[in-house]
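**Student:** Below: one structure in structure tokens.
The values are calculated or read from the model by the stated rules, or taken from the named source; none is laboratory data. From a predicted model like this one, the values you see are computed outputs, not experimental measurements. We place every Cβ from the backbone using ideal geometry, glycine too, and count neighbours over all the protein chains shown.
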Amino acid sequence: MARNTTVLSHILTLFKFALLLVIVLPFGSTKLEAAPSDFVVYGVYTGLNMGFANEIPKKDFYVNLGLKHGVRIGTSLEVMRKVATYDAIGKKLYKDMVFPIARIKVIHSEDNASIARMEAMIPEERAPASTPRAILVGDMVRTVR
């Protein structure tokens, strides 16, 4: 009985390997290129307020776009927010909407990441009322064309 279990175990292992080859090989590599929606703000840090009069601490936005994506110091990035909309009549999620909320400018760039600072918020009259007027972790970014 133990021998049968061992044989079945080996057959199952070979089957899993064959299945993996059938799924992965036609696509060449399991690594996929990032879609534009994959570029996001992954950190927001505010400088320490030292208590000086009229001091406004700077806010840095860390994004996962860098030199290898063509982002350099001085590059402007558009920050967009994706929100799910709800159909109150049909009582279901309707669709995701994406809209711009701000523009930031890169102050430091490395291979896969950059640090940027606020350039401008979208005017209040163009921003949906249901969203905070601030850049949040998870907001999407793309280079300005």
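**Student:** Count, please, the residues in the stretch 118-142 that happen to be closer than 25 Å to Y86 by Cβ and among the aliphatic types (A, V, I, L, M). Break it down into steps so the answer makes sense when it comes.
**Tutor:** The first filter runs over the stretch 118-142 and keeps only residues closer than 25 Å to Y86 by Cβ, leaving 122, 124-140.
Subsequent filtering for residues that are among the aliphatic types (A, V, I, L, M) retains 122, 127, 129, 134-137, 140.
Residues in the stretch 118-142 being closer than 25 Å to Y86 by Cβ and among the aliphatic types (A, V, I, L, M): 8 in total.
**Student:** Inspect the stretch 101-110 for any residue being out of contact with any strand residue (DSSP E or B) (no Cβ under 9 Å at 6 or more places or on another chain) and modelled with pLDDT of 95 or more and give the result as yes or no. Before you say what the answer is, go through the steps one by one.
**Tutor:** At the first step, the residues of the stretch 101-110 found to be out of contact with any strand residue (DSSP E or B) (no Cβ under 9 Å at 6 or more places or on another chain) are 110.
Those left that are additionally modelled with pLDDT of 95 or more: 110.
Scanning the stretch 101-110, I find at least one residue that is out of contact with any strand residue (DSSP E or B) (no Cβ under 9 Å at 6 or more places or on another chain) and modelled with pLDDT of 95 or more, so the answer is yes.
Matching residues to (1) basic (K, R); (2) within 16 Å of D60 (Cα to Cα); (3) surrounded by 10 or more Cβ atoms within 10 Å (Cβ to Cβ); (4) not assigned by TED's automatic domain parsing to the domain that holds T46:
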{"position": "K105", "(1), (2), (3), (4)": "yes, yes, yes, no"}
{"position": "S109", "(1), (2), (3), (4)": "no, yes, yes, no"}
{"position": "M121", "(1), (2), (3), (4)": "no, yes, yes, no"}
{"position": "R126", "(1), (2), (3), (4)": "yes, no, yes, no"}
{"position": "D139", "(1), (2), (3), (4)": "no, yes, yes, no"}
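**Student:** Shifting gears a bit: When you check P132 against the structure, is it part of a loop (DSSP other than H, G, I, E, B) and under 20 Å from F61 (Cβ atoms), yes or no?
**Tutor:** Values: part of a loop (DSSP other than H, G, I, E, B): yes; under 20 Å from F61 (Cβ atoms): yes.
Yes, satisfied.
**Student:** Also: Is it the case that S37 is exposed (fewer than 11 other Cβ atoms within 10 Å of the Cβ), modelled with pLDDT of 55 or more and outside any loop (DSSP other than H, G, I, E, B)? Walk me through it before giving the result.
**Tutor:** Values: exposed (fewer than 11 other Cβ atoms within 10 Å of the Cβ): no; modelled with pLDDT of 55 or more: yes; outside any loop (DSSP other than H, G, I, E, B): yes.
Judged against the criteria, S37 is not a match.
**Student:** Go through the stretch 82-96 and count every residue that is without any contact (Cβ under 8 Å) to a residue 24 or more places away in the chain, within 24 Å of M121 (Cβ to Cβ) and surrounded by 10 or more Cβ atoms within 10 Å (Cβ to Cβ).
**Tutor:** Going residue by residue through the stretch 82-96, those that are without any contact (Cβ under 8 Å) to a residue 24 or more places away in the chain are 84-96.
When the remaining residues are screened for being within 24 Å of M121 (Cβ to Cβ), the result is 84-85, 96.
Imposing the further condition that a residue be surrounded by 10 or more Cβ atoms within 10 Å (Cβ to Cβ) reduces the set to 85, 96.
Number satisfying all stated conditions: 2.
**Student:** For the stretch 67-81, how many residues are in a strand (DSSP E or B) and loosely packed, with under 13 Cβ neighbours inside 10 Å?
**Tutor:** Just the residues of the stretch 67-81 that are in a strand (DSSP E or B), to begin with: 76-81.
Next cut, loosely packed, with under 13 Cβ neighbours inside 10 Å only: none.
Number of matching residues: 0.
**Student:** Take V83 and tell me if it is at pLDDT 60 or above and in contact with a Pro (Cβ under 9 Å, 6 or more places away or on another chain). Reasoning before the result, please.
**Tutor:** Values: at pLDDT 60 or above: yes; in contact with a Pro (Cβ under 9 Å, 6 or more places away or on another chain): yes.
Spelling it out, V83 is indeed at pLDDT 60 or above and in contact with a Pro (Cβ under 9 Å, 6 or more places away or on another chain).
**Student:** Among the numbered criteria (1) in a loop (DSSP other than H, G, I, E, B); (2) at pLDDT below 90; (3) of a type outside the set (G, A, S), which single criterion is violated by Y94?
**Tutor:** Exception for Y94: condition (1).
**Student:** Among the residues of the stretch 44-79, which ones are over 19 Å from I107 (Cα atoms) and touching a strand residue (DSSP E or B) at 6+ places or on another chain (Cβ under 6 Å)?
**Tutor:** Taking the stretch 44-79 as the starting set, the residues that turn out to be over 19 Å from I107 (Cα atoms) are 49-55.
Within the stretch 44-79, no residue meets the criteria.
**Student:** If R3 meets every condition in (1) modelled with pLDDT under 95; (2) within 19 Å of I135 (Cβ to Cβ) apart from one, which number is that one?
**Tutor:** (2)
**Student:** Where residues in the stretch 128-137 are touching a residue at least 24 places away in the same chain (Cβ under 8 Å) and over 12 Å from E78 (Cα atoms), which of them is surrounded by the fewest Cβ atoms within 10 Å (Cβ to Cβ)? Reasoning before the result, please.
**Tutor:** Our first condition is that a residue be touching a residue at least 24 places away in the same chain (Cβ under 8 Å); within the stretch 128-137, this holds for 128, 130-131, 133, 135-137.
From what is left, the residues that are over 12 Å from E78 (Cα atoms) are 128, 130-131, 133, 136-137.
Numbers: P128: 12, S130: 7, T131: 13, R133: 11, L136: 14, V137: 11.
The selected residue is S130.
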